[in-house]
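**Student:** Here's a structure for you.
The values are calculated or read from the model by the stated rules, or taken from the named source; none is laboratory data. Note that the structure is predicted; figures quoted are calculated from it, not measured. Because the Cβ atoms are built from the backbone with ideal geometry, glycine has one as well, and the counts that use them run over all protein chains shown.
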Amino acid sequence: MAEGNVGVCPQVFVVDSHSNFTSVPAKKKPWWARGQKFLLLLVGLTVLGLVVQGFFIYNLYKKTETFSMHQNMSNPKTPGQQIGTILSQVGSKESNEIPIQQPYSKFNRSPFAHLIGSNSPIGEDKVVQWLHTAGESITSNMSYDKGRLLVEIEGYYYLYSKVQVNAAQECLLIQHKVMHKMNAYGHPIELMKSKRFRCWPPNTPSPKTSDSEDVWNSFLAGIFHLHAGDYIYVTLENVEKTHSGPAYNFMGAFMIST
């Protein structure tokens, strides 16, 4: 009986609650992966803004073009009128009148003068005399008075003078000056000066005869500020020794700035 009633033993599972269990932490994403979504969002917003801006600009352009066409159809212009409109837009005067040239005035040109050598260059106080109405001589906005140039307009002037002297003597003082006389001063002042004392040594042959020549040249030039009413002139020691002729002796002035 005992053997016949013997049953199958049930399976038993034992759970060990004291066994060791290690949890593996989840991996973190790198920083560039975390910011990638944010960067893509910014790029998308930028592109969307450009599209919206282009849409509004296109609508504004179409409206302006439609308005211009309506104006041209309601008030058509000839080609000449269109050209006049374009010129007025760039700053031209809205006038169809032909500009009239202003009459000539002495102030239209800067003052200048060029005086040439005279056959009679000797003047008072050693002031060299010049030809001012003959040959290549000319004066404009400047006056001539007994070897002197009168300044009529204030400004900066370029002054120049050249003389040629025959120094064929045993001893000769050559002194070439450009003088300036102002109303504010009682005496003239020297602007430019060239000086030379020519004397032949003893027992040295020198050209003493009247037909002999020993030519000496002097050229002076400079820029000076002159006032209206000032006088400019040239003085020369032994002026009677100069070579006559416009190619040898001359003086002049012209304004370069106000």
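**Student:** Looking only at the stretch 141-173, filter to residues that are assigned to a loop (DSSP other than H, G, I, E, B) and within 35 Å of the chain's Cα centre (by Cα); which one of those is nearest to W130 (Cα to Cα)?
**Tutor:** Of all residues in the stretch 141-173, those assigned to a loop (DSSP other than H, G, I, E, B) come to 141, 146-147, 152-154, 167-170.
Pick out the ones that are also within 35 Å of the chain's Cα centre (by Cα) and you get 141, 152-154.
Values: N141: 17, E152: 19, I153: 22, E154: 23 Å.
Among those that are assigned to a loop (DSSP other than H, G, I, E, B) and within 35 Å of the chain's Cα centre (by Cα), it is N141.
**Student:** Also: Where residues in the stretch 123-138 are surrounded by 15 or more Cβ atoms within 10 Å (Cβ to Cβ) and assigned to a loop (DSSP other than H, G, I, E, B), which of them is modelled with the lowest pLDDT?
**Tutor:** Applying the first criterion (surrounded by 15 or more Cβ atoms within 10 Å (Cβ to Cβ)) to the stretch 123-138 yields 123, 126-132, 137.
With the extra rule that they be assigned to a loop (DSSP other than H, G, I, E, B), the set shrinks to 123, 128-129, 132, 137.
Details: G123: 85, V128: 93, Q129: 92, H132: 90, S137: 92.
This residue is G123.
**Student:** Where residues in the stretch 184-206 are assigned to a loop (DSSP other than H, G, I, E, B) and at pLDDT below 80, which of them is farthest from T235 (Cα to Cα)?
**Tutor:** Let us first name the residues in the stretch 184-206 that are assigned to a loop (DSSP other than H, G, I, E, B), namely 184-188, 200-206.
Next, from what is left, pick out any that are at pLDDT below 80: 200-206.
Values: W200: 24, P201: 28, P202: 30, N203: 33, T204: 31, P205: 30, S206: 27 Å.
Only one residue tops the list, namely N203.
**Student:** Run down N141, N96 and say which single residue is in the same structural domain as S244 (by TED's automatic domain parsing), over 23 Å from L236 (Cβ atoms) and modelled with pLDDT of 55 or more.
**Tutor:** Values: N96 fails: in the same structural domain as S244 (by TED's automatic domain parsing).
From the options N141, N96, the qualifying one is N141.
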